[in-house]
């Protein structure tokens, strides 16, 4: 329920970053706060994980199904999206949480994304990303110039 730009009732999103280590079998312990989002917002602990550039994107099953439907509808209008759909849908893996709150990241998926043992998990509101720690630092650590751009963007959109 929305009233004058305010949302009533709890909304749970994927927020924040945290460092993790994969275990010897390639399992990742999902942060407790992200597990709470899955349980409270989505009522399901299944994640759909797919490789994207230098990271993995992890979507709750319900959000993934919405994404698939949007891709299907877009694909009908824009045939050039078929290659992207083939990559995303063909590469996705369902990763249910085990009793300890971990998911198993397949070895090929980890290798293709350059993910080793030290991981950074980063919330992206409706999904989260799984990065190799070094790759995240290299690609995402903002510079002073980045912050100036961030501030301008926030100001232009009335968010700051």
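Since every read-out is calculated from the coordinates, none of them should be taken as a lab result. Just so you know, these numbers come straight off a predicted model, no measurement behind them. A quick note on method: Cβ atoms are made from the backbone with ideal geometry, for glycine too, and the neighbour counts reach across all protein chains shown.
What does the highest-first list of 81-93, 54-66, 26-38 look like by mean Cβ count within 10 Å?
Taking the mean over residues of other Cβ atoms within 10 Å, the ranking is 54-66, 26-38, 81-93.
What full-extension length gain, to one decimal in nm, is calculated for residue 89 and residue 125 as 0.36 nm per residue of separation minus the Cα-Cα distance?
In short, 10.9 nm is gained.
Distance in nm between label sites at residue 53 and residue 73, each 7 Å beyond Cα in the beta-carbon direction?
Going by the 7 Å Cα→Cβ label model, 2.6 nm.
Quick check: convex hull over the Cα atoms of the chain, volume per residue in Å³, rounded to an integer?
Convex hull of Cα atoms, per residue: 155 Å³.
Where in the range 53-71 is the amide nitrogen less than 18 Å from a point lying 7 Å along the Cα-to-Cβ axis of residue 81?
Zone members listed by number: 63-71.
Using 0.36 nm times the number of residues separating residue 111 and residue 152, minus their current alpha carbon distance, what extension gain do you get?
11.1 nm
Calculate the length of the line joining the C-alpha centroid of the range 9-59 to that of the range 90-138, in whole Å.
Using only Cα atoms, the two centres lie 8 Å from each other.
Fewest first, what order do 103, 130 take by the number of other Cβ atoms within 10 Å?
The most exposed by this proxy come first: 103, 130.
Rounded to the nearest 500, what is the 222 nm mean residue ellipticity of the chain from helices alone, with -39500 (n - 2.57) per DSSP H run of 4+ residues and division by all residues?
Value at 222 nm, helices only, nearest 500: -12000 deg cm²/dmol.
With each pseudo-label sitting 7 Å past Cα toward Cβ, what's the residue 44-residue 18 distance in nm, one decimal?
With each label point 7 Å from Cα toward Cβ, the separation is 2.3 nm.
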